[in-house]
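Since the structure comes first, as structure tokens, the remarks are kept for the end.
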Amino acid sequence: MKHTISVLVENKFGVLTRIAGLFSGRGFNIDTLNVGPTADEKTSRMTLVVHGDDKTLDQVTRQLNKLIDVIEVQDFRENEYVDRELVLTKVKVDSKARAEVMQICDIFRAKIVDVQPHNLTIEVTGDESKIAKFITLMGNFGILDLTRTGKIALARK
């Protein structure tokens, strides 16, 4: 089962290493990891996506809460949070395909951030299913390069 975990931490040296070590020490592979500052410069939010059963993830959550620099841990359940991901992708285009790629970008509310004679660099944000559909459509034209931020999430309440 896929879990999205949000960890609010003190913005201190070594916190990321301790948290990642906790997961790797338990044999969990972190699918995505995103860390960034919050509105309070003393704290950062880590968003992790991992696979595991509920019992094991509950144990990891309890151990995360025991770490000194951890302020709050949330294991988001379905419909309890809003999530987004950012993708930058470079797509191969010729004069014929350029217009079609631009139309698809309009439909997905994607932004073309760089134009070159034989490729376009596109920025798209959204949830996991939107991103997957966009990447599939761009694959028909030829993806030259792609990078993803990983999921970020906030509780709805």
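The values are calculated or read from the model by the stated rules, or taken from the named source; none is laboratory data. On a predicted model such as this, the values are computed, not experimentally measured, just so you know. Note that each Cβ is placed from the backbone with ideal geometry, even for glycine, and that neighbours are counted across all protein chains shown. Keep in mind that these areas ignore ligands, DNA and RNA; they rest on the heavy atoms of the full protein, side chains included. Shrake-Rupley method; radii C 1.70, N 1.55, O 1.52, S 1.80 Å.
Of note:
- Protein-only accessible surface at a 1.4 angstrom probe places the residues ILE143, ILE122 in the order ILE143, ILE122, largest first.
- Expressed as a fraction of 2.2 N^0.38 Å, the C-alpha radius of gyration for the stretch 34-95 is 1.59.
- The angle between the Cα long axis of helix 128-139 and the main principal axis of the chain comes to about 30°, on a 0 to 90 degree scale.
- 0 to 90° range, to nearest 10: angle between helix 15-25 axis and the chain longest Cα axis: 90
- Against the criterion of solvent-accessible heavy-atom surface with a 1.4 angstrom probe, ASP69, ASP58 sort, most first, into ASP58, ASP69.
- Shown is the FRET efficiency for ILE71 and MET102, computed with R0 = 30 Å from the Cβ-Cβ distance and rounded to the nearest 0.05: 0.10.
- Heavy-atom accessible area per residue - the chain, 1.4 Å, Å²: 61
- A helix-only calculation puts the chain at -9500 deg cm²/dmol for mean residue ellipticity at 222 nm, using -39500 (n - 2.57) for each DSSP H run of at least four residues, averaged over all residues.
- Distance (nanometres) between label positions extended 7 Å along Cα→Cβ at ARG18 and GLU80: 2.4
- Portion, in percent, of the accessible area of the chain that falls on carbon or sulfur, probe 1.4 Å: 51
- About its Cα centre, the stretch 11-111 has a charge dipole of approximately 420 debye under the convention of +1 per Lys or Arg Cβ and -1 per Asp or Glu Cβ, with nothing else charged.
- Taking the C-alpha atoms only, the angle from helix 54-66 to the longest principal axis of the chain is near 70 degrees.
- Solvent-free Debye calculation, one equal scatterer per alpha-carbon of the chain: log10 I(q)/I(0) at 0.09, 0.18 Å⁻¹ equals -0.38, -1.02.
- Pairs from the list LYS12/LYS151; LYS133/LYS157; LYS2/LYS133; LYS12/LYS133; LYS55/LYS157; LYS42/LYS111 with a Cα-Cα gap above 30 Å: LYS12/LYS133; LYS42/LYS111.
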